[in-house]
Amino acid sequence: MERRMISGAFRAVVTAAAAAGIGITAFGDRAVLVGTIAGIVALFAIGWPTLLELPARRGGVVVLLITAAAALTALLVWDDLLYVAVALGLSVVGAFVHEMFRRDGRPRLVESVSGVVTGAVVVASAAGWLAVGTGEVATALLLVGAVTLTLGSACTALPIPGWLGSAATLVIAAAAGLLTGSLIDAVGLLAGGLVGLSAGVLIAAVHALFGQFPASGRPTAALAAAMLPVAVSGVPVYVLGRVLLG
């Protein structure tokens, strides 16, 4: 029990730090933001197979790292999530190729493939942070997303038990989105509130789910769990920005 509590606080702090890193680097050179996103997905890719305790973990890490590199490169070259989807599709092929090279009798085949493909979806989703684009509106949206993730993640580190902790995370993340959106004319209350609510739901779910995994106390696995809500939030932030802000 003590190990899980420490791991939960660790994940919360690391998630908040990663989200804050996106918010800070959003104001600088785009290459720095790209490096931040790449670091987040790399940490996730390295620890994800360990978190799920997948067989043949090294091969799974390789597939995820290649998928991350392909997704981010495709976004930077073509500036279109369509090509990120192509990279994601190829990662499914990569997951099956990985299984073909296994020499251990391929136990837990379905679990291994599904785990790697799920991880590929997460690393590809991180490209959404870059797809938001550049300029005043894009930077403002990145800031709102980062602030809501940071505060929502920090809330999960508080000693609030059970569903009360999840409810507090939702409220704080949504409130952070509303407040930040109200202070930034380019975003507004509606977009800010929806981004915050989405972040709160994701953080609360990830914190509750992965805290139950036996491997979540291991360093690389804990890092993967911490990076997941930040990485996967890229697409929701992008979609909300396109729908609500144009």
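Every read-out reported here was derived from the displayed coordinates using simple, explicitly stated rules and does not represent laboratory data. Keep in mind that what you see is a predicted model, and the values were worked out from it rather than measured. Backbone-built Cβ (ideal geometry, glycine too); neighbour counts: all protein chains shown.
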Mean separation of Cα contacts under 8 Å, 6 or more apart, over the residue count of the chain: relative contact order %: 31
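Roughly speaking, what % of Cα-Cα pairs in the chain are separated by over 32 Å, rounded to a whole number?
Values: 5666 of 30135 pairs.
Considering the chain, 19 percent of its Cα-Cα pairs are separated by more than 32 Å.
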Dimensions in Å of region 1-123 - Rg and Dmax from alpha carbons: 16.1, 50
Separation in nanometres of the label points that stand 7 Å from Cα toward Cβ, at T118 and L76: 3.0
Given charges at beta-carbon only (K, R positive; D, E negative), |dipole| of region 1-142 in Debye: 580
Residue with peak Gaussian network fluctuation, the chain [Cα springs, cutoff 10 Å], from L164, L64, L130: L164
Charged-residue dipole, Cβ positions (Lys, Arg, Asp, Glu), the chain about Cα centre, Debye nearest 20: 720
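Among the trypsin sites (Lys or Arg not before Pro) within region 40-121, which fall in a DSSP loop and have no more than 11 other Cβ atoms within 10 Å of their own Cβ? Walk me through the numbers on the way to the answer.
Working: sites: R57, R58, R102, R103, R108; in loops: R102, R103, R108.
Counting only loop positions with at most 11 other Cβ atoms within 10 Å, the trypsin sites (Lys or Arg not before Pro) in region 40-121 are R103.
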